[in-house]
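This structure is in C-alpha cells; I'll ask about it shortly.
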Amino acid sequence: MADKKHLDRLRAGVGSWNHWRQAQPEIRPDLSHADFSAADLKGIDFSEADLTGTVLIKAKLSGADLRGADLRGADLSGARLDGVNLSRSTIDLSTRYDGVAGCQIGVNGLYSPSTDSAALMRLDPPGNSMQGANAEAVVESLRHARKLHTFSVTLAGIALLFIVIKPKTVTLPYLAGSFKFDDFSYAFLATILSAAFLSQVASFIDSALQGARYLNDRRAAMLVGHFPWLLSKYESDPAGKRQSKILRLLLIGHPLIYLYFFVQWSALAIGDWDSVIRHYQQMPVILGEYLLPVVYLILIRICLRLFSLSEGFQKPILFDAETERNRRTDMERLTEAFESQATLTAELVELLRKREGKGREL
C-alpha cells in the first residue's frame with residue numbers, strides 16, 4: 001500500500017511534491033494502489049515511483065516524468081499522457097491503458113511520440129508462462145502459421161478451379177498413389193482440412209502475439225515487424241489500414257468458397273426449398289449432411305478468432321529510445337575495454353619476446 005507520508009506530500013500540491021523530489025532524489029516514492037482518478041497531475045515528477053495498482057483513470061498527466069516508474073497493474077484508462085516521459089517505465093498484462101490521450105498503444109506497451117519514450121512490458125512473465133523476450137521464437141511461430149495458412153488457401157484455390165473450369169473430377173496425389181474427387185466430395189474434405197489448418201494457424205499466431213508483448217529492443221521490433229506476411233504486418237497509414245483489413249478478411253474468410261458446392265443456387269434463386277434441401281441431403285459423404293453444419297460452425301469461429309488475432313498485430317512493436325542509447329553505450333564501453341585488453345596483451349607478449357631474446361644472447 002501507499003506510504004502515508006508520500007501521499008501527504010502529494011496532496012500538498014504538484015509544486016511542493018516536485019520540490020521535495022529534487023531535494024530528496026534518493027527516495028523512491030511509494031504510491032501503490034492509491035486512487036488519483038481525474039486528478040490534475042500535470043508536470044509531476046513520478047520518476048522511479050512505485051505506482052503498482054495505482055488508479056489514474058482520466059488523470060491529467062501532461063508533461064509528467066514517469067521515467068523508471070513501476071506501472072504494473074496501474075489503471076491509466078482515459079488518462080492524458082501527452083508529453084509524458086515514459087523511458088524505462090514498466091507495465092504488465094494487468095496494466096490498463098484503454099483510451100489514453102497523447103500516447104500510441106503498441107503490442108508491447110505505450111509510446112509517447114513527443115518525448116520518444118516508451119513504457120514496455122516487464123521482462124519477467126508469470127511463472128506458469130512459457131513466454132519471454134525471444135524475437136526468433138516469435139518469427140518461428142509466424143513462419144509456421146504462414147505455411148499452414150498457405151496450405152488452406154491452396155485448397156480454396158483448387159475449389160475455385162472447380163467453379164471456373166468445372167472439371168468432373170480432380171486427382172490429388174498422396175504417398176501411395178492418388179485419389180479422384182468430384183466437386184462435392186472435394187469441397188467437403190477441403191472444409192474439414194481448412195478447419196484443422198486454420199485452427200493451428202490461430203494457435204501459432206496467438207503464440208507469436210503473446211511473445212511479441214515481451215519484446216523490448218529495436219532489433220527485435222524490426223525483426224518481427226518486417227516479417228513478410230499480411231496477417232501480421234502493421235500498417236501505420238490510414239489508407240493502408242483499410243486495404244489491409246479488406247485483404248485480411250479475404251485471406252481469412254477463404255473457406256466460405258466451399259458453400260458454393262453445398263447449395264443449389266438455381267433452386268434457391270426461385271425459392272424452390274425442396275430442391276435445395278434434396279440437393280444437400282444427396283451429399284455423397286456418409287453423415288455429411290450432419291457433420292457439415294458442425295464443421296462450418298467451428299470453422300467460422302476459428303476464422304473470427306484468427307481475424308481478431310491479426311488485428312492484435314495492427315499495432316507497432318515498441319522500443320524505448322533512451323534504453324537503446326544506453327544499451328549502445330554499454331556495448332561501446334565493452335568494445336573499448338576489449339580493445340584495451342587486447343592491446344595490453346599484445347604489449348605483454350612483445351615484452352616477453354624481448355626478454356626471451358635477451359636471455360638467449362646472454
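Output the residue which, of all residues in segment 217-270 that are in a helix (DSSP H, G or I) and of a type in the set (S, T, N, Q), is nearest to F188 (Cα to Cα).
In the first step, residues of segment 217-270 are kept if they are in a helix (DSSP H, G or I); the result is 218-225, 230-232, 238-252, 254-262, 265-269.
Within this subset, residues satisfying the condition of being of a type in the set (S, T, N, Q) are 232, 243-244, 266.
On the way: S232: 29, Q243: 31, S244: 29, S266: 20 Å.
Among residues in segment 217-270 that are in a helix (DSSP H, G or I) and of a type in the set (S, T, N, Q), the one nearest to F188 (Cα to Cα) is S266.
So, one more: Kindly indicate whether D237 is acidic (D, E), farther than 10 Å from I317 by Cβ and buried (at least 17 other Cβ atoms within 10 Å of the Cβ).
Numbers: acidic (D, E): yes; farther than 10 Å from I317 by Cβ: yes; buried (at least 17 other Cβ atoms within 10 Å of the Cβ): no.
Spelling it out, it is not the case that D237 is acidic (D, E), farther than 10 Å from I317 by Cβ and buried (at least 17 other Cβ atoms within 10 Å of the Cβ).
If a residue has to be assigned to a strand (DSSP E or B), touching a Lys or Arg at 6+ places or on another chain (Cβ under 7 Å) and touching a residue at least 60 places away in the same chain (Cβ under 8 Å) to count, how many in segment 72-128 make the cut? Spell out the reasoning first.
Step one: list which residues in segment 72-128 are assigned to a strand (DSSP E or B), which gives 75, 80, 85, 90-91, 96, 101, 104-106, 109-112, 117-121.
From the residues that got through so far, the ones that are touching a Lys or Arg at 6+ places or on another chain (Cβ under 7 Å) too are 75, 80, 85, 90-91, 101, 105-106, 121.
Right, trim to touching a residue at least 60 places away in the same chain (Cβ under 8 Å) and you get 105-106, 121.
Total meeting the criteria: 3.
Specify the residue that is farthest from A202 (Cα to Cα); the eligible residues are those in segment 285-299 that are at pLDDT 85 or above and open to solvent by 80 Å² or more (accessible area, probe 1.4 Å).
Of all residues in segment 285-299, those at pLDDT 85 or above come to 294-299.
From the residues that got through so far, the ones that are open to solvent by 80 Å² or more (accessible area, probe 1.4 Å) too are 294, 297-298.
Details: V294: 19, L297: 16, I298: 13 Å.
If we take residues in segment 285-299 being at pLDDT 85 or above and open to solvent by 80 Å² or more (accessible area, probe 1.4 Å), then V294 is farthest from A202 (Cα to Cα).
Are any residues in segment 162-184 open to solvent by 70 Å² or more (accessible area, probe 1.4 Å), modelled with pLDDT under 85 and part of a helix (DSSP H, G or I), and if so, which ones?
I165
Would you mind stating whether A187 is part of a helix (DSSP H, G or I), under 20 Å from L292 (Cα atoms) and at pLDDT below 90? Give the steps one after another, and end with the answer.
Values: part of a helix (DSSP H, G or I): yes; under 20 Å from L292 (Cα atoms): yes; at pLDDT below 90: yes.
Answer is yes for this residue.
Related question: Would you check if H144 is open to solvent by less than 60 Å² (accessible area, probe 1.4 Å), in contact (Cβ under 8 Å) with a residue 24 or more places away in the chain and in the same structural domain as G211 (by the TED database)?
Values: open to solvent by less than 60 Å² (accessible area, probe 1.4 Å): no; in contact (Cβ under 8 Å) with a residue 24 or more places away in the chain: yes; in the same structural domain as G211 (by the TED database): yes.
Considered against the rule, which asks whether it is open to solvent by less than 60 Å² (accessible area, probe 1.4 Å), in contact (Cβ under 8 Å) with a residue 24 or more places away in the chain and in the same structural domain as G211 (by the TED database), H144 comes out as no.
Taking the criterion of being open to solvent by 20 Å² or more (accessible area, probe 1.4 Å), touching a strand residue (DSSP E or B) at 6+ places or on another chain (Cβ under 7 Å) and over 24 Å from M121 (Cβ atoms), would at least one residue in segment 69-80 satisfy it?
Checked segment 69-80: no residue is open to solvent by 20 Å² or more (accessible area, probe 1.4 Å), touching a strand residue (DSSP E or B) at 6+ places or on another chain (Cβ under 7 Å) and over 24 Å from M121 (Cβ atoms).
The values are calculated or read from the model by the stated rules, or taken from the named source; none is laboratory data. This is a predicted model, so every value here is computed, not measured. Neighbour counts are summed over all protein chains in view; Cβ atoms, including those assigned to glycine, are modelled from backbone coordinates with ideal geometry. Just so you know, the surface numbers come from the protein's heavy atoms only, side chains and all, with ligands and any DNA or RNA stripped out. Shrake-Rupley method; radii C 1.70, N 1.55, O 1.52, S 1.80 Å.
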